[in-house]
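**Q** This structure is in structure tokens; I'll ask about it shortly.
Derivation of every value follows stated rules applied to the coordinates shown; laboratory data play no part. This structure is a prediction, so every number in the text was calculated from the model and none was measured. A quick note on method: Cβ atoms are made from the backbone with ideal geometry, for glycine too, and the neighbour counts reach across all protein chains shown.
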Amino acid sequence: MKTLLEYGGLLLLLGATACVDVEDQPSRVHDFRVLGLATEPPEFMASACELNPATLDELSEPVTYRALLVDPAGEGRPIQYTLWACADPEDRTCANESNRVLLAEGTTAPGELTLSIQPGAATLADETPLLERVQELDPYLGLGGLRMPLVLFTQAGEERVYAQKLMVFWCPAVEGMRANVQPVIPGLRVDDVAWDAEAPLELRGAGPFVVTSEDVVALQETYVVPGLRLEAVTLRESWEISWHATLGEFSPQETGGSSFGGQEGRHRTEWEPPKGAQAQEVTFWAVVRDGRGGSSWLVRRALWSP
Amino acid sequence: MSSTLKARGALVAASLLLAAPVLAQAPQAGAPPTDAATPPAAQAQPTITKPPELVQQVEAQYPPEALAQGLTASVRLIITIADDGSVAEVLPTEPVGNGFDEAAIAAVRQFRFSPAEVDGVPAPVQVEYVYHFTLTAPEPEAGAEAVEAEQPKATLTGQLISRGSRSRVPNATVRCGDDPDAPEVMSDEDGRFTLEVPAGTCEVRVVATGFQLYQTKEELKANETTEVNFYLAPSGGGLETVVRSDRPKKEVVRRTITREEAQKTPGSFGDPIRVIQSLPGVARAPFISGELLVRGSNPGQTSTMMDGVEIPLLFHLLGGPSVVNAEFIDQLDFFPGGYGSQYGRAVGGIVEVGTRKGASDTLHGSVKVDLLDAGFFLESPITDGISVAAAARRSYIDAILPAVLPETEGGTLSVVPRYWDYQLRVDFGAKRGTPNDDTTVTAGGARSSGYIMAFGSDDQLRVVSTGPETERDLELDTRMNFHRVKGDWTYRKGAMWSVFTPFVGMDRNNIDFGLARQEGKTYTLGAREVLGIELSSALTLRTGLDIVFEHERYDVSFPAPGGIEYVPFPGAEPVGQQLEEQIALNAFDGALFLEADLLVGRFTFTPGVRGNLQTVGNTRNLALDPRLWVRYAATSRTNLKGSLGLYSQPPETFRFIPLPYGNPDLAYQRAFQSSLGVEHRITDVLNVDVTGFFNRRFNNIVSPGQLVANEGGGVFTLPYSNDGIGRAYGVEVMLKKERASATDKWSGWLSYTFSRAEDGRVGPLPQGGGGFGGDSVPDDSAYGLSPWDQTHILTMVAGYVLGNGWELGGRFRYTSGRPMTPLASGHDVYDADRNRYNATFGPYFSDRTGGFHQLDVRVDKSWRFQSWTLTAYLDVQNLYNAKNVEFVFNDYRFRREYEVPGIPILPVVGVKGSF
């Protein structure tokens, strides 16, 4: 009863918040952003749950790290980056030097930054394997896997962004556990027309244009994790897709996912260009997350005219 | 002309215009402990069991100058009668001048009454009294009396009825003409009268307290009986005479709100609970929420009771009206702290709603319609000695919304909110106004009285949103209701009294939200017994018990939630496997209490103790709450007062369900409360009260608790823990002007609170996140300013009777802004897994939103017809449309702060018909 009342209060607050016109929206990309981070593979699965040299070796395989860096107003300016692996997920900027390991740094251009890293092999200045320190600091004692924060610091001009992604190192703690498979959006459609990456789609008019993803239900994995109360808990992925564009806004700006009651969202959104805008080429991004560390994205272009 | 007139003093008949007496507003400290004789369940309605009678009347001197000018007058007076029958104070309600006031006061000061009794004990009371100065015609010539004797007689009989409400008017004087020698008669309890007068034209004059002078002409035929109904117009603006029943105060602070105040305070929509928010010590709740935030306590820490039985759900859906129908209440008592040992289960304040006894004269009722709901109230005698009062209300938003909601193509959008509530009370006892009001005398001098009451409410909300164009298919169906049936048996014999209040209840709480379903039922059985005895004039003891047994059952089915069943990963929530649970809990919460009133000179000491025991499953909690109040009567008008003590509030039973969804190891929430103050009666209708307070709360429930390792493996976040602490201190000032009589036009109060409230938890914040005090915590602070802290709270409430059925009310409020934590960004911090940014905040609650100020105005207009009254009102919130800030939120990257505005100007119109 009390919970419902609290939800009621929250609803009222959200209703009031909805009356406030917020200028900056996540789907309208007008400045420097990190839109997504991904690792390939999205997680490692060791053969045993003891953290010893053998399992550390298994978890030290190379990883392809990708970052989606966009800077539509930057006119191609260079982006400086530094990538750390850290031990404490609450240390969002990886500020604690004693618990971090530098993985990469340099300068890149807007677009996709791709790095090959070995976070599982990282050792701290005191020679402690970083994974051991992650385990030490984990309040859940590894029941959610060892979650190593990878923090990317980027700077474009005066704009600075710290972006964190958790790299998950699992072990078969309960029967039926399998390594995560990277989520991939099978395709996009605009007003029910397939939207390919090869050529920009021509869009005309004030919209809104209905943008959907191809059906992902069959791709969402059912998986098993250790339970806090039960032996194991079976879960099913419910992907979320965030939508971004260099012009106009999406509504909703994020689709999919499931509610507390397990009611899942459909991947359908509407893109609407701003009134009075000139004809131009618009870049769109759709970033998918599977809710367990997997992520990927699609980039599409369109030639829009009023 | 004056030479032809003969002066004559005030008529004895005027003495019969004693209004129904009311309890004196601030009796002497040394007065008999009428409060001691008033057990808690009956505290809301002390009864005058024996009205005062005038035993010595003194004739006033007619002012010479007025006499010379041939002036007449009626002086309306408020007489405070001490508990020994002497006149303690006399005040004119409206001075008439020309020396009449002084003459009347001088005479009345010499009056002597028989002592009035309240609940069987002598007590000070107030009566309204009209002293008439009239001039009579010259002495009739000799033989005239013989002529008169031979003149044929006629009979005038009938009933006096209050215009617009059909209430009977007792104790009114009915006479023919202004001649003091003319025959006259008093109306009885049913307003009936029979007058024998000479046949011919009768210039009828009806004089009744609280009503305008009624004059008419009746042609009376010889030897015939003429039957009439006279409809008297109330002299006040309200529908009913304002009846105050302030009782002697034992608590350091008790604020009392009458039904009229509850209904007509602007900005409260006539909601009695919301009126409490205008009193000192109560912080302003956001928007139009009626949450009671008392002296630094959090929501849910103030208990609201209806005649001694806790109201389980105070407000209807989503900030709707309170479940207490304003028509059904007699008055509200609000204790912000320092209350007696018979009260418990709260670490904040107590609100006691006293319900209304049904009318004993005839059927009355009202129907009210406003924007959200419609309701009725009925009261009537059933037989002699039994009366009934009933009220019910239902919303009709569910009927209006379909016309407003947009139509969806190929889908469904349906929002059905619905609520209703009811109250029913049946009283057993003698008719109101008789010497043994509310009481049945039994053998041996013992007296019993009682009533049975039922109340309850029901809230339903069904939301269905489906279709290919919706973000997701959404189905939500909730229903919450409760029912309570209580009895009340009061027994008095000599210096001993007992009040027994048993009750039973049933609550239902169902939620269907997609795959999540909960069916919850709670059965409640409880009783309260208060036994008191006056051992001597200086010592009174009270003891009793207060027990509640609950049986709760939950049948739930839901997808396994992250954080409880498994370690959640940030970002897209997966769909968990379906879990099903059936949970049953038996809980007992009982208390034994004992307190005494000890009079030592000008001091009154009230030490008390309350021992609490809670058992839920295998959990046993004990708490001992010693309390002490001291009152010092510095003068007849000034009292100093102080209190200190411990208070306990049991965690709700559902919080004890097994881990990981509950915490069976919870203990009582505790608080130390102390206060020191002074109250002063500036005049009989103007009081000031200044009270300082310091409260410390500890062992309060916070959510979530800490992360703990389970003995059998696994790690749990405790959903609740007793880590909450808080502190509040400040000063409250209350200046209140009451209406002296039905003709007094002004009433209102000014309240001001200066306070500081802190809230938080012992130890660090739980790992894995979690808030305290109901809010998310933007940094690592585990203790600091309360989210509800408001340094300055100023409220001014005023009501003015314009006349001719018009009334005007206003409420102005100013409060300091709510604490907020400013942004301290310089870079973005992005959580790529959640696709959310994290904020970088400055010092915790180091800033505030802008101050809140608002003016609410209410206008009432009544049209009184012969047997019913129509009232329309316009209640305008935020009249000058102040742009107040309720909350501050940030854009998605936490670069900028946005202010969430409060409600703009909001007019609400309502109509009420009553008879």
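**Q** Kindly rank A:124-131, B:457-464 from highest to lowest mean number of other beta carbons found within 10 Å of each residue.
**A** B:457-464, A:124-131
**Q** With a ≥ b ≥ c taken as the square roots of the eigenvalues of the C-alpha gyration tensor of chain B, please select rounded if a/c is under 1.5 and otherwise prolate if a/b is larger than b/c or oblate if it is not?
**A** prolate
**Q** Do you know the relative contact order of chain A, to the nearest whole percent, from alpha carbon pairs under 8 angstrom that are 6+ apart?
**A** Reported relative contact order: 19 percent.
**Q** Answer with one residue from B:906, B:879, B:659: the one whose Cα lies farthest towards the positive end of the charge dipole of the protein assembly as shown, charges on Cβ with Lys, Arg +1 and Asp, Glu -1.
**A** B:879
**Q** Now for a different question. Normalising by the residue count of segment A:162-274, find the relative contact order in percent from Cα pairs under 8 Å and 6+ residues apart.
**A** 24
**Q** Taking θ as phi - 60°, what are the ³J(HN,Hα) couplings along segment B:743-758 by the Karplus curve (6.51, -1.76, 1.60), each to the nearest whole Hz, with x for Gly and Pro?
**A** Taking θ as phi minus 60°, the curve returns 9, 6, 8, 9, 7, x, 7, 10, 10, 9, 10, 10, 8, 9, 10, 10 Hz for segment B:743-758.
**Q** Where the centre of each part is set by its Cα atoms, how far does segment B:577-594 sit from segment B:781-817, in angstrom?
**A** First find each Cα centre; the distance between them is then 39 Å.
**Q** Which whole-number percent of Cα pairs in segment A:25-173 have a distance greater than 28 Å?
**A** More than 28 Å apart: 22 percent of the Cα pairs in segment A:25-173.
**Q** How many percent of Cα pairs in segment A:74-146 exceed 18 Å?
**A** 48
**Q** Give the calculated FRET efficiency between residue B:506 and residue B:690 to the nearest 0.05, with a Förster radius of 56 Å applied to their Cβ-Cβ distance.
**A** Result of the calculation: an efficiency of 0.80.
**Q** Please compute the contact order of chain B in relative form: average sequence separation of alpha-carbon pairs under 8 Å and at least six residues apart, divided by the residue count, as a percent.
**A** Normalised by residue count, the contact order of chain B is 10 percent.
**Q** Determine the calculated [θ] at 222 nm for chain B from helices alone, applying -39500 (n - 2.57) to every DSSP H run no shorter than 4 residues and normalising by the residue count; nearest 500 deg cm²/dmol.
**A** The helix-only estimate for chain B comes to -1000 deg cm²/dmol at 222 nm.
**Q** Determine the dipole magnitude for chain B: charges of +1 sit on the beta-carbon of Lys and Arg, -1 on that of Asp and Glu, nothing else is charged, the reference point is the Cα centre, and the result goes in debye to the nearest 20.
**A** Here the size comes out at about 1480 debye.
**Q** Taking a threshold of 20 Å on the Cα-Cα distance, which of the pairs B:737/B:883; B:486/B:912; B:368/B:745; B:153/B:221; B:368/B:883 fall above it?
**A** B:737/B:883; B:486/B:912; B:368/B:745; B:368/B:883
**Q** For chain B, what proportion of DSSP beta bridges, expressed in % and rounded to the nearest 5, is antiparallel?
**A** Around 95 percent antiparallel, to the nearest 5.
**Q** Hey, another quick one. Determine the shielding of peptide A:280-291 by partner chains: average, over its residues, the number of Cβ atoms on other chains within 10 angstrom of each Cβ.
**A** 2
**Q** If I build a Gaussian network model for chain A, linking alpha-carbon pairs within less than 10 angstrom, which residue out of A:290, A:91, A:24 has the largest mean-square fluctuation?
**A** Answer for the Gaussian network model of chain A: A:24.
**Q** Further, regarding this structure: Can you give me the long-range amide H partners of residue A:144? Hydrogens built in the peptide plane at 1.01 Å from N, cutoff under 5 Å, separation of 5 or more residues or another chain.
**A** none
**Q** To the nearest whole number, what is the average tally of beta carbon atoms from other chains within 10 Å of the beta carbons of peptide A:218-231?
**A** Counting Cβ atoms of other protein chains within 10 Å of each residue's Cβ and averaging gives 5.
**Q** Let me ask something else about it. Let me confirm one metric for peptide B:831-843, namely the mean number of other chain beta-carbon atoms within 10 Å of its residues' beta-carbons.
**A** 6
**Q** Continuing with the same structure: If one puts a single equal scatterer on every Cα of the protein assembly as shown and applies the Debye formula without solvent, what log₁₀ I(q)/I(0) results at q = 0.07, 0.09 Å⁻¹?
**A** Results for the protein assembly as shown at q = 0.07, 0.09 Å⁻¹ read -0.79, -1.14.
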